[in-house]
Amino acid sequence: MAGPFGWELLLDLFDCDEAILSDQARLRQFVEALCDDVLKMRRYGDCIICWFGSEDIDTEGFSVVQLIETSSVVGHLSPHRRSAYWDVFSCRPFSEEQVTEFARRTFVAGRVAAQYLVRG
């Protein structure tokens, strides 16, 4: 085998700015800057941002999907819980520290939990 197939960052952000979590335009800006400036990976197609879970305040919020040429960036945001959950997967290595710090700053997170996985 030639080495790992990919790298994945599971990022949970807590005590975030509720207004940012609820702002579709700011979420789009975050994803574009994350892909273009931090990951330096080409976005494939448009970012999909949809509001889901309205039947329960605990599940209500935006879900985000952005394909990148090396895989995907997926997020689920909960304004009620003031939290954001991101999954960044790529077949090309990236700096988990840079992604984590960029997300922490963007969402003004008070607490961050991250898991970085090397896949297969």
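Kindly provide the helix-only [θ] at 222 nm of the chain, computed as the sum of -39,500 (n - 2.57) over DSSP H runs of four or more divided by all residues, to the nearest 500 deg cm²/dmol?
After summing the helix terms and dividing by residue count, I get -6000 deg cm²/dmol.
As I understand it, the value is the acute angle between the Cα axis of helix 96-107 and the longest principal axis of the Cα atoms of the chain; what does it come to in degrees, rounded to 10?
It is inclined by approximately 20 degrees.
If you count, for each residue, the other Cβ atoms within 10 Å and average over each peptide, how do 80-89, 38-47, 10-19 line up from highest to lowest?
Put in order of decreasing packing, that is 80-89, 10-19, 38-47.
Hey, got a sec? Which GluC sites (Glu not before Pro) in the stretch 58-120 land in a DSSP loop and have at most 13 other Cβ atoms within 10 Å?
69
Taking the Cα atoms only, what angle lies between the long axis of helix 24-33 and the longest principal axis of the chain, rounded to 10 degrees?
20 degrees
How large is the dipole of the chain about the Cα centre if only Lys and Arg carry +1 and Asp and Glu carry -1, each at its Cβ, rounded to the nearest 20 debye?
Using only the charged Cβ atoms, the result is roughly 380 debye.
Projected onto the charge dipole of the chain (+1 at Lys/Arg Cβ, -1 at Asp/Glu Cβ, origin at the Cα centre), which of 68, 93, 24 gives the Cα projection farthest towards the positive end?
Value computed over the given set: 93.
Since every read-out is calculated from the coordinates, none of them should be taken as a lab result. Since this is a predicted model, take the numbers as computed values, not measurements. Note that we place each Cβ from the backbone using ideal geometry, even for glycine, and neighbour counts take in every protein chain shown.
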